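Contents: one structure, followed by commentary.
The values are calculated or read from the model by the stated rules, or taken from the named source; none is laboratory data. All values derive from a computational prediction rather than experimental measurement. In this analysis, Cβ positions are derived from the backbone assuming ideal geometry, glycine residues included, and neighbour counts consider all displayed protein chains. Keep in mind that these areas ignore ligands, DNA and RNA; they rest on the heavy atoms of the full protein, side chains included. Shrake-Rupley method; radii C 1.70, N 1.55, O 1.52, S 1.80 Å.
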Amino acid sequence: MSEHSEALSQTPRERRVFVKTYGCQMNVYDSQRMSDALAADGYRATDEIGEADLVLINTCHIREKAAEKVYSELGRVRQLKAEREAAGHEMLVGIAGCVAQAEGEEIVRRAPVVDLVLGPQTYHRLPEMVARARSGTKVVETDHTLEDKFAHLPAPQRAPTRARGVTAFLTVQEGCDKFCTFCVVPYTRGSEISRTVAQIVAEAERLAEAGVREITLLGQNVNAWHGMGPDGREWGLGRLLYRLADIPGVARLRFTTSHPRDMDDDLIAAHRDLPALMPYLHLPVQSGSDRILKAMNRRHVAADYHRLVERIRDARSDIALSGDFIVGFPGETDADFEATMRLVEEVRYAAAFTFKYSPRPGTPAADMEFQVEPQVADERLQRLQALIARQQREFQESLVGQEMDVLIEKPGRRPGQKVGRSPWLQPVILDETLGEIGDIVSVRIGHTEANSLFAAPPGAT
Ligand code: SAM
Ligand code: SF4
């Protein structure tokens, strides 16, 4: 079918985009921004890959075999594309995200089904790239451009923002200059870029106007954010949070992921002063062994982390912590691992992500000697996970009988229920008569099940 007859039969021709997102919240945010950019070009989001004129796979490179998984997924997409083309329809295929950045041209060489490859710093050029791909050119864009993609990406649109619910992500910072020796982020996302205060406030106001009550600020290293303020000076994240807390409608603020080195006094004070800033902080330490922390280039020792946690808890006594841990880092001995277990025992986490070290090509740790035997790393991972699961249970149980504010987010799975979020991010199941979606209501926790809290029924004592 030609462009012309297409236009005659379905004017204006609405195209559909299917976006599949892997990885962290920053990728979720990026996928939403890409959908918004394409909406301006007439693309409507679909959940049905088979009806998509454009398939975008937004990839993550943080774990092992990420690229291989993308290639095997592309095998399945090739089949769908052939079927759609046989039926006279278009299906462009794009690979975005960190695998796109890392693999570049190699992707179109190995998987000719792919029409466009775009790195995370190029998303603002997506509509123009799609136009080129539609004319038959293979498009590969993986520059770490100097132009500000955020200045060019359209702001979140009201209707899709509403449809996404009462919580939203807002990326304030991208990239990382820390160069932890295990991590690909500084290579795939490039060096640190901070958005300006004006950009962030404008986006937060737009979200609030569309009904968003809770905003989570995102960055690979979010507390390293240092954006230009309206006063012509650089602001830090603490000051930004005070400003965002003033926006009418914004009831809750969070930020993730923080590096312990960048938790400054202003940010700790914000936790003390701002009721809107939720008492839950993701503060990865990775290991409890100073030797391993040094080999990881984390630039702090375990005692620094303990002191920091103490200062944060002094500022906000009900704060709960979550973390990231890597076990089996090259050279990790039993004693190093026991130091990690000790740190976890002492800090007490409400939750944590635990990873078995996986060598990422191009990072310094991948070439280090004394890689840990997989079986040893597995055993350590299991022990650490069991300890964290116990702490998570204990934390949840400590909330039974407590009154807390819950932001109601959506209908529940069972009739008569709604689901909200606790200040500590747990799902809270409550009676639907207690409030409407977007309301913040005070409930008493009756019991817990798995990872959820259950509000006591209305009228129960
Ligand atoms: N910027 C954050 C920080 O400094 O903690 C984390 C960013 S990274 C996307 C998320 C987590 O993945 C890291 O905290 C780390 O625990 C884990 N990770 C990163 N590279 C890894 C690797 N090569 N092997 C195993 N886990 C890894
Ligand atoms: Fe990666 Fe986080 Fe280290 Fe940056 S601070 S290199 S994102 S682990």
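List of remarks:
- Within the stretch 266-290, the only residue that satisfies the criterion of being part of a loop (DSSP other than H, G, I, E, B), open to solvent by 10 Å² or more (accessible area, probe 1.4 Å) and in contact (Cβ under 8 Å) with a residue 60 or more places away in the chain is MET278.
- Pair list, Cβ < 6 Å and 6+ apart or interchain, from the stretch 184-201 residues that are more than 16 Å from ligand 1 (Cβ to nearest atom) to residues that are aliphatic (A, V, I, L, M): ARG195/VAL172; THR196/MET228; ILE200/VAL172
- Filtered residues of the stretch 167-215 (kept if on the phi > 0 side of the Ramachandran plot and open to solvent by 10 Å² or more (accessible area, probe 1.4 Å)): PHE179, GLY211
- For the stretch 45-60, taking the residues that are of a type in the set (Val, Ile, Thr) and outside any loop (DSSP other than H, G, I, E, B), the one that is most open to solvent (accessible area, probe 1.4 Å) is identified as ILE49.
- Any hit, the stretch 331-348, residues being of a type in the set (S, T, N, Q), crowded, with 21+ Cβ neighbours inside 10 Å, within 16 Å of ligand 1 (Cβ to nearest atom) and over 26 Å from the mean Cα position of the chain (by Cα): no
- When residues of the stretch 234-263 are limited to those that are within 16 Å of ligand 1 (Cβ to nearest atom) and out of contact with any Ser or Thr (no Cβ under 8 Å at 6 or more places or on another chain), the one nearest to THR167 (Cα to Cα): THR257
- For the stretch 375-405, a residue qualifies if it is surrounded by fewer than 17 Cβ atoms within 10 Å (Cβ to Cβ) and assigned to a strand (DSSP E or B), and exactly one does: GLU403.
- Spans of helices (runs of 4 or more DSSP H) in the stretch 69-172 with at least 2 residues over 26 Å from the mean Cα position of the chain (by Cα): 105-110, 126-134
- Checklist (1) touching a Lys or Arg at 6+ places or on another chain (Cβ under 7 Å); (2) open to solvent by less than 10 Å² (accessible area, probe 1.4 Å) applied to ASP115, failing item: (2)
- Test: residue in the stretch 313-325 that is open to solvent by less than 30 Å² (accessible area, probe 1.4 Å), more than 30 Å from ARG252 (Cα to Cα), within 16 Å of ligand 2 (Cβ to nearest atom) and part of a strand (DSSP E or B): no
- Selection status of ASP143, out of contact with any His (no Cβ under 6 Å at 6 or more places or on another chain), over 25 Å from SER72 (Cβ atoms) and open to solvent by 10 Å² or more (accessible area, probe 1.4 Å): yes
- Inter-residue pairs, beta-carbon under 7 Å, first under 25 Å from ALA352 (Cα atoms) and in the stretch 425-446, second among the charged types (D, E, K, R) and crowded, with 18+ Cβ neighbours inside 10 Å, 6+ apart: PRO427/ARG421; VAL428/ARG421
- Among the conditions (1) surrounded by fewer than 20 Cβ atoms within 10 Å (Cβ to Cβ); (2) more than 18 Å from ALA320 (Cα to Cα), the only one that ILE408 does not satisfy is (1).
- Residues that are away from ligand 1 (no atom under 16 Å from the Cβ) and basic (Lys, Arg) were ranked within the stretch 158-183; the one that is nearest to TYR29 (Cα to Cα) is ARG164.
- Beta carbons closer than 6 Å, at least 6 apart along the sequence or on distinct chains, pair a first residue in the stretch 294-318 that is under 22 Å from PHE182 (Cβ atoms) and touching a residue at least 40 places away in the same chain (Cβ under 8 Å) with a second that is within 16 Å of ligand 2 (Cβ to nearest atom) and in a helix (DSSP H, G or I) for ARG299/ARG261; HIS300/PRO260; HIS300/ARG261; TYR305/PRO260; LEU308/PRO260.
- For the stretch 354-369, the condition holds for no residue, the condition being that it is more than 16 Å from ligand 2 (Cβ to nearest atom), open to solvent by less than 60 Å² (accessible area, probe 1.4 Å), within 16 Å of GLN286 (Cβ to Cβ) and touching a strand residue (DSSP E or B) at 6+ places or on another chain (Cβ under 7 Å).
- Some residue of the stretch 252-265 being surrounded by fewer than 18 Cβ atoms within 10 Å (Cβ to Cβ) and at pLDDT below 95: no
- Of the residues LEU430, LEU453, LEU425, the single one that is open to solvent by 30 Å² or more (accessible area, probe 1.4 Å) and within 23 Å of LEU253 (Cβ to Cβ) is LEU425.
- Complete set of residues in the stretch 215-233 that are closer than 17 Å to THR257 by Cβ and either away from ligand 1 (no atom under 16 Å from the Cβ) or not in a helix (DSSP H, G or I) (or both): ILE215, THR216, LEU217, LEU218, GLY219, GLN220, ASN221, TRP225, HIS226
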